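The values are calculated or read from the model by the stated rules, or taken from the named source; none is laboratory data. Predicted model only: the values in this text are computed from it and were never measured. For neighbour counting, all protein chains shown are included, and Cβ atoms are generated from backbone atoms with ideal geometry for every residue, glycine included. Accessible surface areas use protein heavy atoms only, side chains included; no ligands, DNA or RNA. Shrake-Rupley method; radii C 1.70, N 1.55, O 1.52, S 1.80 Å.
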Amino acid sequence: MLDRSDQMEYFSVSLTHDYYSANIPITLSIKSKDLIDKYNLYFLQRDDSYILIGKSLLYNRFKEEFKKVHFLLEHNAYTMRRYKQIRSEGESLLIFLKVNSNSFYFVTSPLNEEQTIVRIDTIMNSTDQTKIACHFAGVRKCFQYIFITKRKHNDLELIEEDGSLLFDKDPNSELLGENTISFSTADAVLLKKDTSYKINLIERNKYGLKTIISRLDIPHPSSFSPDKSKTTITKYYNL
């Protein structure tokens, strides 16, 4: 067991994401057992930050040994190939990011080289407890709602109460199936886990407006539109 009486914070890593307001499903680790034993290293999570704790008496030695940090996303073939090259570079601390949710890949902008391997030079300087920030860009998708009806509806509309989303009736809804009505947002929407959208399906009749379904759920990030699979996520309802 580690003796934590002489431990201190080496530096902190702040993880942010456009989709997650908190609790991003990622854990950090250092793979080298020799390095962990040498400095008594471990990560302490505090909100969306990860604090690297190490032996206080060896802090200056740690700063001298490591001038760079590389973040590598696990389970990525390209990352592992690059890891073999990076491993031979001196003065580099390797931190692995392990994703703990399959949904992460549906809400994260496609990872290019710069996002897959985050290289930060000069992580240690004259200021102790250096702060490092790592941000993941989110994904924009159109929202689509497909309603399967038992009778014909001529005057249905999809309304977001605050006007933050605008929906258009898809012109070829009938191509999705008989008695099917489809609505999609006019523009792509940045996906967020916590939203306050108030989306209602209404019908205009001779008496005014009638709410058919209130507070519709947001389409799941992993859903696919039957006719716009690359740009749109879809939620189905039966009327």
If we keep just the residues of region 194-206 that are of a type in the set (D, E, K, R) and part of a strand (DSSP E or B), which is surrounded by the most Cβ atoms within 10 Å (Cβ to Cβ)?
Glu203
Give Tyr20, Tyr10, Tyr39, Tyr59 a once-over and let me know the one that is touching a Phe, Trp or Tyr at 6+ places or on another chain (Cβ under 9 Å) and closer than 27 Å to Thr195 by Cβ.
Tyr20
Pick from region 58-68, criterion closer than 15 Å to Asp6 by Cβ and out of contact with any Asp or Glu (no Cβ under 8 Å at 6 or more places or on another chain), ranking: surrounded by the most Cβ atoms within 10 Å (Cβ to Cβ):
Phe62
Among the numbered criteria (1) surrounded by 11 or more Cβ atoms within 10 Å (Cβ to Cβ); (2) under 30 Å from Tyr50 (Cα atoms); (3) at pLDDT below 95, which single criterion is violated by Leu209?
(2)
Is there a residue being modelled with pLDDT of 95 or more, touching a Pro at 6+ places or on another chain (Cβ under 7 Å) and not in a loop (DSSP other than H, G, I, E, B) anywhere in region 220-234?
yes
Cβ-Cβ under 9 Å, sequence separation 6+ or interchain: first residue in region 43-60 and outside the structural domain of Lys31 (by the TED database) and within 14 Å of Met8 (Cα to Cα), partner surrounded by 17 or more Cβ atoms within 10 Å (Cβ to Cβ) and modelled with pLDDT under 95. Which pairs?
none
Taking only region 15-57 into account, find how many residues are part of a strand (DSSP E or B) and open to solvent by less than 40 Å² (accessible area, probe 1.4 Å).
11
Does Thr234 count as surrounded by 12 or more Cβ atoms within 10 Å (Cβ to Cβ) and in contact with a helix residue (DSSP H, G or I) (Cβ under 9 Å, 6 or more places away or on another chain)?
no
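Listed here are the residues, each with its yes/no results for (1) in contact (Cβ under 8 Å) with a residue 12 or more places away in the chain; (2) more than 22 Å from Lys150 (Cα to Cα); (3) not aromatic (Phe, Trp, Tyr).
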site	(1), (2), (3)
Asn179	yes, no, yes
Phe183	yes, no, no
Lys193	yes, yes, yes
Asn205	yes, no, yes
Leu209	no, no, yes
Leu216	yes, no, yes
Lys230	no, yes, yes
Leu239	yes, no, yes
